[in-house]
Amino acid sequence: MSSRAILIQFDCDSQPSVFDGVVAIDSGVDHLLPHANVRPENVRELVYGAIFTRAVSELHRTAIFIGGSDVAAGEAILAAVRKTFFGPMRVSVMLDANGANTTAAAAVLAAAAHVDLRGAKAAVLAATGPVGRRVVQLLAASGAEVRAVSRNQARAVAVCEAVAAKLPSARLSPCAGGSIEETERAVEGVDVLVAAGAAGVELLPEKTWRNAAGPQVAVDLNAVPPVGLTGIEATDRAAERRGVVCYGAIGVGGMKMKIHKAAIRRLFESNDQVLDAEEIFEIGRSVR
Ligand code: NAP
């Protein structure tokens, strides 16, 4: 009989995410061990507790999930966790702070269901947030030419540089989107448009994001009214609106949940996986 599946939740917030805990249980985890206020400097002892308790042959039945509201903090925790592992003394680990990886994967998979991303032109509005940057990365990794749009050109450049450092073959252009006119120019002629703006912030009115040349598919990840791309409903899921296939945040949410659960299940297949944006996206490809 194999040992019970234990998921250790590392959360940077003062209360571990209940959402992540419920999804873990619904994904088949037998025991959830939630930890709050996790910081890179206090990770080592927690990881020792994970890797020194079971035989190496049973370490695939223990895994770590890194969550919380601060994605940069989650990334630092992941780096500290990986640094603590050595040789076979490791467990699989998944990063999905603020739902950024699963949400970005679901958004890009939604677009890929309608447009061949290899060679496609894509624009990501508000590309500097944790979700937007991952959407840029995943679109670029899928072969699209990506315009990363921000109200601040320097921040758009920084996102492109960070993605290019991970993906040297990425075709990226930083674009200023400080005004509606600038943003309109940035989205001209794209096949795929993804809006990753903050909750409750309208980024473009409908008449400006639709143009003669496209887009073919538009995804808006903001569920809180007003939505980012006016004309899209939060519940849209492949809804055709005047020739554009539209997805809203709730429409993408179902796929996001499936990806999250599939990634949790994958953690327990071996003890050496690190599930970050691209690995979670690959898992998403196999989810239907
Ligand atoms: P975020 O960090 O709050 O904001 C993303 C970007 O929005 C910022 O980097 C900024 O980009 C822009 N922005 C912020 N305030 C703005 C303002 N007042 N006016 C115009 N632009 C503004 O968002 P996030 O955490 O990456 O999440 C992105 C979206 O996905 C959010 O709407 C979030 O609610 C949603 N989300 C959905 C799910 C889901 O399951 N469906 C899960 C997680 C997140 P610039 O400064 O570069 O312009």
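All of the numbers you see were taken from the coordinates with simple rules; none came from a lab. Everything quoted here is computed from the prediction, not taken from an experiment.
Only helices enter the 222 nm calculation for the chain: every DSSP H run of n ≥ 4 contributes -39,500 (n - 2.57), and dividing by all residues gives -11500 deg cm²/dmol, rounded to 500. Rounded to whole numbers, the Karplus 3J(HN,Hα) couplings from phi for the range 54-70 are 10, 4, 3, 5, 10, 5, 6, 9, 10, 8, 10, 10, 9, x, x, 7, 10 Hz, using 6.51 cos²θ - 1.76 cosθ + 1.60 with θ = phi - 60°, and x at Gly and Pro.
Amide H contacts of R171 (H built 1.01 Å from N, in plane; Pro and chain starts excluded): V146 sit under 5 Å, all sequence-distant by 5 or more or on other chains. Less than 5 angstrom separates the built amide H of L33 from those of L7, I8, Q9, all sequence-distant by 5 or more or on a different chain. Near the amide H of T62, within less than 5 Å, lie the amide hydrogens of I6, all on another chain or at least 5 residues away, with H placed in the peptide plane.
Shape verdict for the range 98-148, please, from the Cα gyration tensor: rounded (a/c under 1.5), prolate (a/b greater than b/c) or oblate. Cα axes put the range 98-148 in the oblate bin. Taking a ≥ b ≥ c as the square roots of the eigenvalues of the Cα gyration tensor of the range 182-247, is the shape rounded (a/c under 1.5), prolate (a/b larger than b/c) or oblate? Cα axes put the range 182-247 in the oblate bin. Only beta bridges with both residues in the range 34-155 are counted; by DSSP, about 10 percent of them are antiparallel.
The largest-to-smallest principal axis extents of the Cα set in the range 6-95 are 32, 29, 16 Å. Here the Karplus relation 6.51 cos²θ - 1.76 cosθ + 1.60, evaluated at θ = phi - 60°, turns the backbone of the range 141-150 into coupling constants of 5, 8, x, 7, 8, 10, 9, 9, 10, 9 Hz, with x for every Gly and Pro.
Here the Karplus relation 6.51 cos²θ - 1.76 cosθ + 1.60, evaluated at θ = phi - 60°, turns the backbone of the range 35-40 into coupling constants of 10, 9, 6, 6, 10, x Hz, with x for every Gly and Pro.
Over the chain, Cα pairs under 8 Å with separation of 6+ residues give a relative contact order of 18 percent.
Rounded, prolate or oblate: which fits the range 100-252, taking a ≥ b ≥ c as square roots of the Cα gyration tensor eigenvalues, rounded meaning a/c under 1.5, else prolate when a/b beats b/c? Rounded, since a/c falls under 1.5.
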